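The structure under discussion is supplied below as structure tokens; questions concerning it will follow.
The values are calculated or read from the model by the stated rules, or taken from the named source; none is laboratory data. No experiment lies behind these values; they were computed from the predicted model shown. Here Cβ is always computed from backbone atoms with ideal geometry, including for glycine, and neighbour counts include all displayed protein chains. Heads up: the accessible areas ignore ligands, DNA and RNA and are worked out on the full protein's heavy atoms, side chains in. Shrake-Rupley method; radii C 1.70, N 1.55, O 1.52, S 1.80 Å.
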Amino acid sequence: MVKITFKDVGQGDSILIEWLTKTKQLKLGIIDCKSKAGKNPILEHIIKENIKEIDFIVLSHPHTDHYSGMTELLTFCSANNVRINKFCHTLKDIEIEYWKYLEPNITNSTELFKVFEIVLNSYNKNLQEIIKLDFDYRIYLTDEYYLRCLSPSHFEKAEYISTLGSIPEKNRMKRSRVANLLSTLFKLKLDDKFVLFTSDVEKITFQRITQKNLDLFTDKTNLLSQIPHHGSETNHEPSFWSALNKINQCCAMVSAGEHKSYNHPHYEVVNYFYSLGYNVESTNIINGMKQHVLDIQLKSLALDSDSLIAEEFYVSGDKVYEF
């Protein structure tokens, strides 16, 4: 059994992965940790369930909407001797001189440095390994189930350095956005099926994977996919998604929240996944998702049926999947 929970953290990501070993031991891993309105849903789960061991923590990429709760989580684990087997990040081969450009302002950059300061201080205490993620690195849940890192590869990291060099230093916001190239793309292998965790992966990564045909388009079947970058149209690559095999009623999941300028998820993206036969689900029914729900409601009324209107995935909040 594998249980995946997308926590409602507004605009950002916090993902829990829980599974049972052959001996029925419950294990837990984390991809990203964001705070929301002064609360930390991931940490609240750790405290409530009295978790004493975390198998892995992944920082998908260095943007605050994916790690604003990470300092609090790591501090708690260190103070309470919660064992962390692996802390994984994507800054391998990225020189420290570039770190100040990963975030658009000094405050966020300071928070990012604080995360890594705690990680280094925890090493060989409650933290066992620090993993600099690279292509094809695997995090094993069991002998048969594992997360395979498909990005970032050397290609994305080289593209990051090249693109950063073409942007004036004074344009910190644009320089920060380029760090999406360092985002993780994980395939969670579950027997002959898989789940995709896409964080804020850029189009060129999906194009690379499609061209290389990395065993995603053959006999493997998609169970669940995270829509990249909170449903942003700029990260949407149709050639990748149209090539995937998927189960009937496969879900496409988007984590999004209120933001003064992003307006995620974009309606065109939500509608595209729906047109491919996905059930599109979201932690918050806003922006393009709100329009999508209205479309479904109107269609249901035209068919004189309210069955679709009542479905749980049209309600804001945590989204939980079990396989």
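If you plug each phi of the range 25-31 into the Karplus form 6.51 cos²θ - 1.76 cosθ + 1.60 with θ = phi - 60°, what whole-Hz ³J(HN,Hα) values come out, in order, with x for Gly and Pro?
Per-residue couplings from phi come out as 7, 7, 10, 9, x, 10, 10 Hz.
OK, next. For the chain, what is the charge dipole size about the Cα centre, in debye to the nearest 20, if Lys and Arg each add +1 at the Cβ and Asp and Glu each add -1 at the Cβ?
About 600 debye.
Also: What net charge do the residues around residue 189 carry, taking every other residue with its C-beta under 10 Å from that of residue 189, with Lys and Arg at +1 and Asp and Glu at -1? Don't skip to the end; give the middle numbers.
On the way: positive: 138, 148, 187, 193, 220; negative: 144, 191, 192, 215.
Here the charged neighbours net out to +1.
In addition: Per 0.36 nm of contour for each residue apart, how much would the distance between residue 92 and residue 323 grow if the chain were fully extended, relative to their Cα-Cα spacing?
Values: separation 231, 0.36 × 231 = 83.16 nm, distance 3.23 nm.
Separation in residues times 0.36 nm, less the Cα-Cα distance, equals 79.9 nm.
How large is Rg over Rh for the range 1-143, taking Rg from the Cα atoms and Rh as the Kirkwood inverse mean of 1/r across Cα pairs? Before the final figure, lay out each step's value.
Numbers: Rg = 14.8 Å, Rh = 15.6 Å.
Rounded to two decimals, Rg over Rh is 0.95.
Shifting gears a bit: What's the Cα-based Rg to Rh of the range 126-268, Rh via Kirkwood? Provide the component values of the computation, followed by the final result.
On the way: Rg = 16.2 Å, Rh = 16.4 Å.
Here Rg/Rh amounts to 0.98.
Treat each spin label as a single point 7 Å out from the Cα along the C-beta direction, and report the residue 129 to residue 105 distance in nm.
3.8 nm
With N set to the residue count of the chain, report its C-alpha Rg divided by 2.2 N^0.38 Å to two decimal places. It would help to have the intermediate numbers written out before the result.
On the way: Rg = 19.2 Å, N = 323, 2.2 N^0.38 = 19.8 Å.
Ratio of Cα Rg to 2.2 N^0.38 Å: 0.97.
I've got another one for you. Hey, what do the phi angles of the range 109-115 turn into as Karplus ³J(HN,Hα) couplings, whole Hz, using 6.51/-1.76/1.60 and θ = phi - 60°, x for Gly and Pro?
4, 4, 5, 5, 4, 5, 4
Same structure, new question: Keeping every protein chain in place, order 52, 24 by accessible area at 1.4 Å, biggest value first, i.e. largest first.
On the way: 52 120, 24 150 Å².
From most accessible down to least: 24, 52.
Rounded to whole Hz and in sequence order, give me ³J(HN,Hα) for the range 178-191 from the Karplus expression 6.51 cos²θ - 1.76 cosθ + 1.60, θ = phi - 60°, writing x for Gly and Pro.
These are the phi-based 3J(HN,Hα) values: 4, 5, 4, 5, 8, 6, 7, 10, 10, 10, 8, 7, 10, 6 Hz.
Ignoring ligands, DNA and RNA, what percent of the accessible area of the range 11-167 is carbon or sulfur (1.4 Å)?
Values: 3490 of 7010 Å².
C and S atoms contribute 50 percent here.
Residue 22 to residue 203: extension gain in nm, 0.36 nm per residue of separation minus the Cα-Cα distance? Please list the in-between numbers first.
Working: separation 181, 0.36 × 181 = 65.16 nm, distance 3.82 nm.
So the chain would gain 61.3 nm between residue 22 and residue 203.
Quickly work out the residue 44-to-residue 174 label distance, labels modelled 7 Å from Cα along the C-beta direction, and quote it in nm with one decimal.
Rounded to a tenth, the inter-label distance reads 4.0 nm.
Quick check: convex hull of the Cα atoms in the range 64-109, volume per residue, rounded to a whole Å³?
For the range 64-109, the hull spanned by Cα atoms encloses 97 Å³ per residue.
I would also like to ask the following. Could you work out [θ]222 nm for the chain from helices alone, using -39500 (n - 2.57) per DSSP H run of at least four and dividing by all its residues? Round to the nearest 500 deg cm²/dmol. Don't skip to the answer; put the middle values down first.
On the way: 9 runs with 94 residues, N = 323.
About -8500 deg cm²/dmol.
Which whole-number value in Å² is the accessible area per residue of the chain, probe 1.4 Å? Write out the running numbers ahead of the final one.
Numbers: 14350 Å² over 323 residues.
Using a 1.4 Å probe on heavy atoms only, each residue of the chain averages 44 Å².
A further question follows. Give me the accessible area of residue 113, 1.4 Å probe, in Å² rounded to the nearest 10.
90 Å²
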